[in-house]
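What follows is calculated from the coordinates using simple rules that are stated; it is not laboratory data. Note that the structure is a prediction, hence the values are computed from the model and not measured. A quick note on method: Cβ atoms are made from the backbone with ideal geometry, for glycine too, and the neighbour counts reach across all protein chains shown.
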Amino acid sequence: MNTGPTTLIRNGRVVTASDDFVADILIEGGRIQAIAKTLTAGPGMAVHEAAGLLVLPGAVDVHTHLDSATPTASTVDDFAAGTRAAAFGGTTTVVDYCTPPPGASLMAGLEDWHRRRANACVDVGAHMIVLDTGAATLAEMKTLVEREGISSFKFFMAYPGALMLEDGALFNAMRTAGALGALSCVHAENGLVIQSLVQEALAQGQTAPRFHALTRPALLEGEAAQRAIALAEQAGAPLYVVHLSTTQALQAVQLARRRGLPVFAETCPQYLLLDDSVYEAEGFEGAKYVMSPPIRPASHGAQLWQGLQAGDIQTVATDHCAFTYGESPHGMRHSKRLGLAAFNRIPNGAPGLETRLELMHDAAVLQRGLSLHRFVDMVATAPARLFGLFPRKGTVAVGSDADLVLFDPQERWTVRAADHHSLADYSLFEGRTLTGRVKKVFLRGQCIVDGSSWQGREGMGQYLPRGASGRP
Ligand code: DUC
Ligand code: ZN
Ligand code: ZN
């Protein structure tokens, strides 16, 4: 039950995936109560003037890894730090990947995830990563969907011996997910061939960060995406390709969609806005960009923009999986320096939660002429719809949660990691000047960000049980 103050947001330009109008918004009990040309402020109401600002739905990031550990490394952002960073960037809903510890059941993994997410500052849901397809695991998938509101699963086609499902298991997992009305999310890279290339590179003494990218070629993402699509078609399951980064994978998705298959794709700002020259940086600097899939040659980014424009890529998420570059003050376990001796030991992942909305406004709307509607759709509405959160999240409508962003479309500013709230000590976009800035953020009617002032609270984020996923 939300008992937030009655609030009036006045004279803002409300932009959703389909509408654009100037109005007042009345918020009561954490929900949008009324939207009208003119609403009158009552006694004791908090009034926020939004003339000249866009009023956007709180953004929805459906790909994060907060407080997430592997045997050798842990992400530096826990739920408190990561979701505070999200809020400052206008993201009020996060769907995070729950990785069950090796040997643990999915339910045990979920319990542990709930313990870790308890200090979240924005609302959070979970996808479950499935590492085996024994009968007990398949039965747990059903419980997760029907009882716990977890309606999407991630399957890895990479990392043999650790996370990868071989094709038979992948097919079984997809069939189970599809029958439950859940969405199968795949990490599409051919893990076995990559393993060979990595071993070969290391044997030749090729240990620098750039070999991470060279041993994960684009072709192997395309092949895996194609295979995932074939297996999902055979399983009768909708499919969502996460962090899609290549022309080849995009073409596979486009072909499937033209055939009418329920295949969806997500990309991330780093694949749209950076190119593989980042790996030529001095010394160990390239480690900042070690993530999987890696940053690709520029021609791929150009194709991804076309895919977004054409609607073949539906969502832009971050894959926020933050490590520090330096060792202090958070310690070696959180640092890219774990891989100083060899690229395959560099923790995989990068920060991004705080900058997605502003980067995409600048790059998509101002630089490439995509509409404001399309921008809102890719960062908020489409992810909410695909992952069973709409219309509670992802739009501005009477009855929806009052998760709102007041956005100045004209303010110019420069990205600096030093100004960020993530505990990561670098940004992939350091020094980039953007136009458009988040000014105020409301979570269920409570103003949690006011300029540079934090007004939220750890633990105020609620768990979001989700409905059926995989329906656009
Ligand atoms: N895949 C992800 O989605 N995130 C981090 C690393 C990876 O391989
Ligand atoms: Zn992945
Ligand atoms: Zn990820």
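Values computed for the structure shown
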{"read-out": "Efficiency of FRET from Cβ geometry, residue 419 and residue 112, R₀ 25 Å, rounded to 0.05", "value": "0.15"}
{"read-out": "Cα centroid separation, segment 259-323 to segment 342-365 (Å)", "value": "9 Å"}
{"read-out": "Calculated FRET value between residue 282 and residue 433, using beta carbons and R₀ = 25 Å, to 0.05", "value": "0.60"}
{"read-out": "Extension gain, residue 104 back to residue 208 (0.36 nm per residue minus Cα-Cα distance, nm)", "value": "34.0 nm"}
{"read-out": "Compactness of segment 224-274 as Cα Rg over 2.2 N^0.38 Å, two decimals", "value": "1.12"}
{"read-out": "Spacing of the two label points (7 Å from each Cα toward its C-beta) at residue 340 and residue 70, in nm", "value": "1.9 nm"}
{"read-out": "Pairwise label distance in nanometres, residue 147 with residue 457, each label 7 Å out on the Cα-Cβ vector", "value": "3.2 nm"}
{"read-out": "Length added when fully stretched, residue 166-residue 251, from 0.36 nm per residue minus Cα-Cα", "value": "28.3 nm"}
{"read-out": "Spatially close lysines, pair count over the chain: Cα under 22 Å, gap of eight or more or interchain", "value": "6"}
{"read-out": "Considering only the chain, percent of DSSP beta bridges that pair antiparallel, nearest 5", "value": "45 percent"}
{"read-out": "Mean-position separation - Cα centroids, segment 23-95 and segment 420-472, in angstrom", "value": "6 Å"}
{"read-out": "Sum of -39500 (n - 2.57) over DSSP H runs of 4+, divided by residues of the chain (222 nm, nearest 500)", "value": "-8000 deg cm²/dmol"}
{"read-out": "Linear extension gain, residue 37 paired with residue 199, 0.36 nm per residue minus alpha-carbon span", "value": "51.9 nm"}
{"read-out": "Helix axis angle, 79-88 relative to the chain longest principal axis, alpha carbon, degrees", "value": "50 degrees"}
{"read-out": "Calculated FRET value between residue 332 and residue 47, using beta carbons and R₀ = 45 Å, to 0.05", "value": "0.35"}
{"read-out": "Cα-based convex hull, segment 329-388, per residue volume (Å³, whole number)", "value": "153 Å³"}
{"read-out": "Quarter of Cα convex hull surface for the chain, i.e. mean projection, nm²", "value": "20.2 nm²"}
